[in-house]
Amino acid sequence: IKKQQQDVLGFLEANKIEFEEKDIAANEENRKWMRENVPEDSRPASGNPLPPRLFNDSRYLGDYDAFFEARENNAVYAFLGLTAPPGSKEAEALAKQQA
């Protein structure tokens, strides 16, 4: 879990994407919020959803696997609900698709 969290945080920081990290280990309110806001179909069959989980405000985006897949496909900005910056691989890929 720690490695996945560091991977997500490192990507966001390297790309200067603003984010708010919520610690669910030390804050019961954050833990409760996450559990309540992960959709039923994205929860594990048993137990509670484990971090990292990504949200855009209160809109659930996905877990680490979904983030990793988006990153591999140069679609992280779309995954995060953001506009890809000009000159990024994602913006170039979108421009090619629209041409």
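Numbers below:
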{"item": "Angle between the chain longest axis and helix 2-14 axis [Cα atoms, degrees, rounded to 10]", "result": "40"}
{"item": "Percent accessible area from carbon and sulfur atoms, the chain, protein chains only, probe 1.4 Å", "result": "47"}
{"item": "Helix-only CD estimate at 222 nm, as mean residue ellipticity for the chain, using -39500 (n - 2.57) per DSSP H run (n ≥ 4)", "result": "-13500 deg cm²/dmol"}
{"item": "The chain: Rg to Rh, with Rh as the Kirkwood radius over Cα pairs", "result": "1.00"}
{"item": "The chain, accessible area per residue, ligands and nucleic acids excluded (1.4 Å, Å²)", "result": "72"}
{"item": "Highest-MSF residue in the chain out of ASN56, ASN27, ASN73 [GNM, Cα springs under 10 Å]", "result": "ASN27"}
{"item": "Relative contact order (percent, whole number), the chain, Cα cutoff 8 Å, 6+ residue spacing", "result": "17"}
{"item": "Dipole of the stretch 29-99, positive end: most advanced residue of THR83, PHE68, ASN30 [Cβ charges, Cα centre]", "result": "ASN30"}
{"item": "Size of charge dipole - the stretch 6-99 - debye, nearest 20, with Cβ of Lys, Arg +1 and Asp, Glu -1, no other charges", "result": "140"}
{"item": "Most mobile listed residue (PHE79, PHE68, PHE11) in the chain, GNM with C-alpha springs under 10 Å", "result": "PHE11"}
{"item": "Hits among lysines - C-alpha to C-alpha of LYS89 under 23 Å, sequence gap 8 or more where chains match", "result": "LYS16"}
{"item": "Degrees, to the nearest 10: 89-98 long Cα axis against longest axis of the chain", "result": "60"}
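The values are calculated or read from the model by the stated rules, or taken from the named source; none is laboratory data. Source: prediction; values computed, not measured. Note: ideal-geometry Cβ built from the backbone for every residue, glycine included; neighbour counts use all protein chains shown. Remember, those area values only see protein heavy atoms, side chains included, never the ligands or the DNA or RNA. Shrake-Rupley method; radii C 1.70, N 1.55, O 1.52, S 1.80 Å.
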